[in-house]
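**Q** Quick one: this structure, given as structure tokens, is what I'll be asking you about.
Please treat every number below as a calculation from the coordinates, not as lab data. None of the values given here were measured: they were computed from a predicted structure. Note that each Cβ is placed from the backbone with ideal geometry, even for glycine, and that neighbours are counted across all protein chains shown.
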Amino acid sequence: MKICFIGTGYVGLVSGVLFSDFGNTVYCVDNDKNKILNLEKSILPIFEPGLDEIVEKNFKAKRVFFTTDINKAIKSSDIIFIAVGTPPSKDGKSADLSNVFKVVKTISKNLNKYKIIITKSTVPLGTGDQIEKILSKTISKSKFDVVSNPEFLREGEAIRDFRYPDRVVIGTNNVKKVSPILKKLYEPIIKKGGKFIVVSRKAAELIKYAANAFLATKITFINEIANLCEKTGINVDDIAEGIGTDARIGSRFLRAGPAYGGSCFPKDTKALIETSKKFNVDLSLVKNVVRSNDNRSNLITKKILQILKNPNNKKIGFLGVTFKANTDDMRDSSCLSIIPQILKKNCKVNYYDPTGAKAILSKNKKIKFCKDPNELIQNSDLIVIHTEWDEFKSIDFSKFMKKENLLIFDLRNLHHPRDFLNKNIKYFSIGRPNNE
Ligand code: UGA
């Protein structure tokens with residue numbers, strides 16, 4: 001099939017390239033010329049393990065094309081995926097759809113034959129209806145169908161999530177025509193066991209938000225239970241196992257830690273609340289999830305200051321600063337709320353991250369990047385394990401035994417309190433009894 005992805009951000013690039021890997025001809029379009037030139041050299045604008053090799057393979061095989069020529073790409077394709085960014089609006093509450101509507105206008109000028117137009121970007125309930133309305137002004141409805149096909153890829157796990165998803169959700173109001181075409185496109189995934197779910201267009205739009213809000217709720221739930229565990233000497237990991245083995249609950253997304261972050265959960269939960277307001281519905285649970293998560297960084301900061309006792313002039317070393325492992329993404333990373341608060345207490349902050357120094361932190365001269373995690377540990381009073389990179393799991397802290405009064409606050413429970421018993425190191429973690 002001939003398809004095009006407009007927007008080669010995270011969603012567009014990963015999905016476009018992987019569809020080409022299934023044997024389709026894919027045009028990946030972007031208005032950033034440099035990005036396109038780099039992609040042709042397999043230099044990727046995002047960090048996603050393994051993706052560069054798949055780009056190179058399919059580019060050489062002439063299955064994926066990178067281009068700025070949006071008109072040609074649309075004309076040459078049967079299926080058009082809109083995958084442009086939908087960043088938070090200026091008030092931070094809903095999604096800014098200006099990029100989406102700009103693309104829709106361009107599509108309307110290039111509809112030379114019947115095409116399926118798919119929103120892959122996360123768009124609020126009713127966006128598909130708006131797109132259809134814009135297109136219908138100049139084009140006959142028999143020439144196009146507007147479909148919602150939300151993506152459920154996780155950063156850092158995107159290749160696996162694309163190839164082996166639990167489900168593919170198709171939202172269409174023209175099931176008879178659209179469903180067989182998209183079933184064919186997704187055939188390699190369906191064959192491997194991915195469920196093909198066809199619903200109304202609006203339902204698909206809401207599924208995306210409901211999925212992210214539910215996952216955010218699950219994380220927030222275990223984080224609040226972790227708070228209770230800390231007061232009662234119970235291990236939250238035991239609770240996660242004890243409840244997660246109940247198939248009705250499920251074991252995933254029950255890892256207690258810092259506030260959830262990233263480009264999706266914070267933005268999508270807030271946008272869902274805005275949507276509910278429009279329909280006069282009180283999503284009280286989601287509102288409380290957002291509130292609890294916003295407050296979580298304050299709780300973690302308070303705990304850091306308690307651990308330090310006297311924070312003045314203390315050196316704090318962060319291991320990992322991204323919102324989760326296997327990504328270089330800093331968007332809504334919880335450390336961006338924690339670090340400014342501890343700097344106010346006159347602490348010094350250094351950090352190491354496997355994906356290198358971060359521009360957003362370099363802006364502040366009081367925060368220093370350290371290339372070597374061992375050096376960071378050696379020069380810190382308190383180590384905060386902020387991100388769950390595998391390389392932090394294998395750090396042997398006993399090497400630092402001679403160092404006086406090393407404190408460790410493990411926000412991801414990567415290590416075990418028993419490993420620090422009778423050692424010169426004080427170890428704190430989330431929702432588990434300390435080694436004190
Ligand atoms: C999330 C969803 O998981 C994807 O299904 C969805 O496609 C994507 O948003 C999106 O809307 O585009 P992502 O933001 O890449 O994916 O990251 P997650 O792996 O879901 O993690 C989000 C946050 O939750 C991170 O800060 C992570 O550390 C935290 N988390 C996750 C926990 O604190 N505990 C957990 O058990 C799981």
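**Q** Can you list residues whose amide H is under 5 Å from I425's amide H, if they're 5+ apart or on another chain and H is modeled 1.01 Å from N?
**A** The list, which skips near neighbours in sequence, is empty: none.
**Q** Grab the other residues whose beta carbon is less than 12 angstrom from that of D30, score K and R as +1, D and E as -1, and report the net.
**A** -1
**Q** Using 0.36 nm per residue, how much length does the chain from D32 to K137 gain when fully extended, once their Cα-Cα distance is taken away?
**A** My answer for the length gained is 34.9 nm.
**Q** Next up: Grab the Cα-Cα distance for K309 and F152, subtract it from 0.36 nm times how many residues apart they are, and report the gain in nm with one decimal.
**A** Here the answer is 52.3 nm.
**Q** Among 80-87, 45-52, how do they line up from the highest to the lowest mean number of other beta-carbon atoms within 10 Å?
**A** Per-residue mean Cβ counts within 10 Å order the peptides as 80-87, 45-52.
**Q** Please arrange S334, S362, S394, S108 by how many other C-beta atoms lie within 10 Å of their C-beta, fewest to most.
**A** S394, S362, S108, S334
**Q** Report ³J(HN,Hα) in whole Hz for each residue of segment 200-216, in order, from the Karplus equation J = 6.51 cos²θ - 1.76 cosθ + 1.60 where θ = phi - 60°; Gly and Pro get x.
**A** Per-residue couplings from phi come out as 5, 4, 5, 4, 5, 4, 6, 4, 4, 5, 5, 5, 5, 5, 5, 5, 5 Hz.
**Q** Among S429, S284, rank each residue by its count of other Cβ atoms within 10 Å, from fewest to most, as a rough exposure measure.
**A** With the fewest neighbours first, S429, S284 line up as S284, S429.
**Q** List every residue whose amide H lies under 5 Å from the amide H of F318, counting only residues 5 or more places away in sequence or on a different chain, with H placed 1.01 Å from N in the peptide plane.
**A** N350, Y351, Y352, V384
**Q** Ok, one more. Summing Lys, Arg as +1 and Asp, Glu as -1, what charge do residues with Cβ under 9 Å from the Cβ of K113 carry, K113 excluded?
**A** Summing Lys and Arg as +1 and Asp and Glu as -1 gives +2.
**Q** Can you list residues from other chains, or at least 5 along the same chain, whose modelled amide H is less than 5 Å from the amide H of I249?
**A** Answer set, sorted by chain and number: none.
**Q** Please identify every one of the trypsin sites (Lys or Arg not before Pro) in segment 186-220 that sits in a loop by DSSP and has no more than 11 other beta carbons within 10 Å of its own beta carbon.
**A** Of the trypsin sites (Lys or Arg not before Pro), the ones in loops of segment 186-220 whose Cβ has at most 11 other Cβ atoms within 10 Å are K192.
**Q** Filter the trypsin sites (Lys or Arg not before Pro) in segment 243-279 down to the DSSP loop ones having no more than 10 other Cβ atoms within 10 Å, then list what survives.
**A** The qualifying sites are R248, R252.
**Q** Follow-up question, since we're still on this one. Is segment 243-283 best put as rounded, prolate or oblate by its Cα gyration tensor, with a ≥ b ≥ c the root eigenvalues, rounded for a/c under 1.5, and otherwise prolate when a/b is larger than b/c, oblate when not?
**A** Oblate is the answer for segment 243-283, as a/c is 1.5 or above yet b/c matches or exceeds a/b.
**Q** When only Cα pairs under 8 Å and 6 or more residues apart are kept, what is the percent relative contact order across segment 61-185?
**A** 21 percent
**Q** With the Cα gyration tensor of segment 292-357 giving a ≥ b ≥ c as the square roots of its eigenvalues, does the rule (a/c under 1.5 for rounded; else a/b larger than b/c for prolate; else oblate) give rounded, prolate or oblate?
**A** oblate
**Q** Next question, about the same structure. Listing M1, M401, M330 from the residue with the fewest other Cβ atoms within 10 Å to the one with the most, what is the order?
**A** M401, M1, M330
**Q** Taking Cα pairs under 8 Å and at least six residues apart, what relative contact order does the chain come out at, in percent?
**A** Reported relative contact order: 11 percent.
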